[in-house]
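The values are calculated or read from the model by the stated rules, or taken from the named source; none is laboratory data. All of these numbers come straight from a predicted model, not from anything done at the bench. Positions of Cβ are backbone-derived with ideal geometry, glycine not excepted, and every protein chain shown enters the neighbour counts.
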Amino acid sequence: GAVVSQHPSRVICKSGTSVKIECRSLDFQATTMFWYRQFPKKSLMLMATSNEGSKATYEQGVEKDKFLINHASLTLSTLTVTSAHPEDSSFYICSASPEAYEQYFGPGTRLTVT
Amino acid sequence: RKEVEQDPGPFNVPEGATVAFNCTYSNSASQSFFWYRQDCRKEPKLLMSVYSSGNEDGRFTAQLNRASQYISLLIRDSKLSDSATYLCVENQGGKLIFGQGTELSVKP
């Protein structure tokens, strides 16, 4: 099956620093990748849709200058949380889509900002 | 009103029980839906796709009622390993909208 990896799986950083999370599709090309965040006991919330070679589409309420998304190749998208604050602590999950209507999720990245 | 709304749960059932989860959606134009399961601190994993009136896969049956904008998931002969959070997901033109999830705990 389609495999999506994320790195790192867990990161702890100090307030004010930036953190980059990578999402890779390992055995397929993904023209579209999605970034979600999930707070404890809550559902996944779509943050942005990332298309290879173009700007990401952000959901309402998501600051594009704070959550920088780059989708430079068909197998890699990155999410950079800039100037992280404790309220950014969350579980960030990416998914990749090889074709319409199928999404395969990465294992997630747990971010803790101290 | 939430776009995708699920039973709040949690559901605590004994092994072997049959359990049903309900889900409603608000966008009448949506064509496809999914049930995902999510284990604690893990990513969601696809359980079933629901494109027409419903489908069955072993102990799992999903049903879709477009008139009522309602989706259900039935688990028969529940196992301890079925314990997880079950997420109802609506596909809105390639964008997945997740329900808040229903937690299931199967006890021996």
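Consider only pairs whose beta carbons are under 8 Å apart and that are at least six residues apart or on different chains; among these, list those whose first residue lies in the range A:1-27 and is in a loop (DSSP other than H, G, I, E, B) and whose second residue is surrounded by 14 or more Cβ atoms within 10 Å (Cβ to Cβ) and of a type in the set (D, E, K, R).
So the pair list comes out as A:ALA2/A:GLU102; A:SER9/A:ARG110.
With respect to the numbered conditions (1) more than 17 Å from B:GLN38 (Cα to Cα); (2) touching a residue at least 60 places away in the same chain (Cβ under 8 Å); (3) crowded, with 21+ Cβ neighbours inside 10 Å; (4) not polar (S, T, N, Q), which one is the sole condition not fulfilled by A:PRO86?
(3)
B:THR102 fails exactly one of the following numbered conditions: (1) within 14 Å of another protein chain (Cβ to nearest Cβ); (2) on the phi > 0 side of the Ramachandran plot. What is the number of that condition?
Condition (2) is where B:THR102 drops out.
Name the strands (runs of 3 or more DSSP E) wholly inside the range A:34-114 in which the number of residues that are of a type in the set (A, V, I, L, M, F, W, C), under 13 Å from the mean Cα position of the chain (by Cα) and within 14 Å of chain B (Cβ to nearest Cβ) is 1 or more.
Output list reads A:45-51, A:90-97, A:109-113.
Looking at A:THR17, A:THR49, which one is surrounded by fewer than 16 Cβ atoms within 10 Å (Cβ to Cβ), at pLDDT 90 or above, farther than 18 Å from B:GLN38 by Cβ and polar (S, T, N, Q)?
On inspection, the qualifying residue turns out to be A:THR17.
Restricting attention to the range B:15-48, and to residues there that are touching a Pro at 6+ places or on another chain (Cβ under 9 Å) and in a loop (DSSP other than H, G, I, E, B), which single residue is nearest to the other protein chains (Cβ to nearest Cβ)?
Ranking the qualifying residues of the range B:15-48, first place goes to B:GLU43.
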